[in-house]
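Undergrad: Let me give you the structure first, and then I'll get to my questions.
The values are calculated or read from the model by the stated rules, or taken from the named source; none is laboratory data. What you are looking at is a predicted structure, and each value in this text was computed from that prediction instead of being measured. So basically every Cβ, Gly included, is an ideal-geometry build from the backbone, and we count neighbours across all protein chains shown. Protein only, heavy atoms only, side chains kept; ligands, DNA and RNA dropped before computing areas. Shrake-Rupley method; radii C 1.70, N 1.55, O 1.52, S 1.80 Å.
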Amino acid sequence: MPDFDEVIQEKLKDTKFKKAWNELAAEFEVERALIELRMRGNATQKKLADKLNTKQAYISKVENGRVSPTISYIAKMADALNADAEIIFPSRAGQKR
């Protein structure tokens, strides 16, 4: 039975799937980074929400991709977790800038 990475690599050969995957990649990366940052700091969603004067449910929605926070709110979240937010636009493999 193929593992997840093998299945994804096969699916990425389909141009429609690849386009949809790439469109969501940045959102997945932000969600993953925020969760990892929060967990490394041993902060609960509730603790982070309290620092941001919001509700735990909102933090959950951000982490689960049900809402898309603004860049400035992402920066506030990072600051509350004692980190800096940074946006990087790497060039795609095989393409010149």
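Undergrad: So which helices (runs of 4 or more DSSP H) are wholly in the range 3-51 and hold at least 2 residues that are surrounded by fewer than 11 Cβ atoms within 10 Å (Cβ to Cβ) and under 18 Å from the mean Cα position of the chain (by Cα)? First the steps, then the outcome.
TA: Details: elements: 4-11, 15-40, 45-51.
Of the helices (runs of 4 or more DSSP H) lying wholly inside the range 3-51, those with at least 2 residues that are surrounded by fewer than 11 Cβ atoms within 10 Å (Cβ to Cβ) and under 18 Å from the mean Cα position of the chain (by Cα) span 15-40.
Undergrad: Right, next: Restricting attention to the range 52-97, which residues are of a type in the set (Asp, Glu) and either open to solvent by 100 Å² or more (accessible area, probe 1.4 Å) or over 17 Å from the mean Cα position of the chain (by Cα) (or both)?
TA: Initially, the range 52-97 is screened for residues of a type in the set (Asp, Glu), giving 63, 79, 84, 86.
Hits for the range 52-97 are Asp79, Asp84, Glu86.
Undergrad: Restricting the first residue to the range 1-26 and requiring it to be without any contact (Cβ under 8 Å) to a residue 40 or more places away in the chain and within 22 Å of Phe89 (Cα to Cα), which pairs with a second residue that is open to solvent by less than 80 Å² (accessible area, probe 1.4 Å) and of a type in the set (A, V, I, L, M, F, W, C) meet a Cβ separation below 8 Å and a spacing of at least six or different chains?
TA: Here the result reads Lys18/Leu12; Trp21/Ile8; Trp21/Leu12, each pair linking the range 1-26 to a residue that is open to solvent by less than 80 Å² (accessible area, probe 1.4 Å) and of a type in the set (A, V, I, L, M, F, W, C).
Undergrad: State which residue pairs qualify: first residue free of Cβ contacts under 8 Å to residues at least 40 places away in the same chain and inside the range 73-85, second residue surrounded by fewer than 16 Cβ atoms within 10 Å (Cβ to Cβ) and outside any loop (DSSP other than H, G, I, E, B) in any location, beta carbons under 6 Å apart, and separation of 6 or more residues or different chains.
TA: Ala80/Lys51
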